[in-house]
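**Student:** One structure follows; several queries about it will come next.
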Amino acid sequence: MRNLLISIIDFFYKPFQSIMPLKTFRYAACGGGNLVLDICLYYLVFHVVLHQENLDLILFTLSSHIAALFIVYPITLTTGFLLQKYITFQESDLKGKVQFFRYIQVSFGAIFINYILMKIFVDLLGFYPTPSKILTVIVSIIYSYISQSKYSFKVSDKD
């Protein structure tokens, strides 16, 4: 499966090879695929599972757009890690559990950015939740790429 995904991604890389490195393209392809999954799942959870209604957790209540964010998070966290580990950052010599722990740390930063921006866009500015979710991705992608390549999947400086 891994080799098939790499072959497909690399096939589509040809038109972009003069403007970006293969690793960046693979990151974008894996992240883009995971993003599409995230947005589709978010939409389904928000509209079908939660019916756009708040989620009462007895001790506190989550607004539906925030609840959907947290329900979808563990799924796309896992798929994102697996794609980045086995497709994009194959050369990392860190142990898988170290990579996953670091990936989760970076991901918590990204979810915090998403949470704050969703609160601003939806609650403060009154934007519709799904387009707001898409807008938050721009900031998250920049943060995540830098953090994942320099921290989570860092290649050690062995000489």
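**Student:** Looking only at segment 58-92, count how many residues are surrounded by fewer than 16 Cβ atoms within 10 Å (Cβ to Cβ) and outside any helix (DSSP H, G or I).
**Tutor:** Count: 6.
**Student:** Continuing with the same structure: Suppose we filter L55, L44 for residues that are at pLDDT 95 or above and surrounded by fewer than 18 Cβ atoms within 10 Å (Cβ to Cβ); which single one remains?
**Tutor:** From the options L55, L44, the qualifying one is L44.
**Student:** Search segment 1-15 for residues being surrounded by 14 or more Cβ atoms within 10 Å (Cβ to Cβ) and under 23 Å from V137 (Cα atoms), and hand back the single one that is nearest to the chain's Cα centre (by Cα). If you could, list the steps in order and put the result at the bottom.
**Tutor:** Our first condition is that a residue be surrounded by 14 or more Cβ atoms within 10 Å (Cβ to Cβ); within segment 1-15, this holds for 5-6, 9-10, 13.
Cutting the leftovers down to under 23 Å from V137 (Cα atoms) gives us 9, 13.
Numbers: I9: 18, Y13: 21 Å.
Among them, the one singled out is I9.
**Student:** Looking only at segment 13-43, how many residues end up being within 22 Å of I134 (Cβ to Cβ), in contact (Cβ under 8 Å) with a residue 12 or more places away in the chain and either of a type in the set (A, V, I, L, M, F, W, C) or in a loop (DSSP other than H, G, I, E, B) (or both)?
**Tutor:** Of the residues in that region, 7 qualify.
**Student:** Mind checking which residues of segment 89-111 are out of contact with any helix residue (DSSP H, G or I) (no Cβ under 9 Å at 6 or more places or on another chain), touching a residue at least 24 places away in the same chain (Cβ under 8 Å) and under 28 Å from H47 (Cβ atoms)?
**Tutor:** Scanning segment 89-111 gives no hits.
**Student:** Filter segment 112-157 down to residues that are touching a residue at least 12 places away in the same chain (Cβ under 8 Å) and in a loop (DSSP other than H, G, I, E, B) and give me whichever is farthest from S63 (Cα to Cα). Show your work before the answer.
**Tutor:** Step one: filter segment 112-157 for residues touching a residue at least 12 places away in the same chain (Cβ under 8 Å), giving 113-115, 117-119, 121-123, 129-130, 132-137, 139-141, 143-145, 147-149, 151-156.
Filter again for in a loop (DSSP other than H, G, I, E, B), leaving 153-156.
Values: F153: 34, K154: 37, V155: 40, S156: 43 Å.
If we take residues in segment 112-157 being touching a residue at least 12 places away in the same chain (Cβ under 8 Å) and in a loop (DSSP other than H, G, I, E, B), then S156 is farthest from S63 (Cα to Cα).
**Student:** In the list S107, S152, S63, which residue meets the criterion of being under 15 Å from the mean Cα position of the chain (by Cα) and over 21 Å from V36 (Cα atoms)? So that I can check it myself, show each step before the final result.
**Tutor:** Working: S107 fails: over 21 Å from V36 (Cα atoms); S63 fails: under 15 Å from the mean Cα position of the chain (by Cα).
Exactly one residue qualifies, and that residue is S152.
The values are calculated or read from the model by the stated rules, or taken from the named source; none is laboratory data. Computed from a predicted structure; not experimentally measured. A quick note on method: Cβ atoms are made from the backbone with ideal geometry, for glycine too, and the neighbour counts reach across all protein chains shown.
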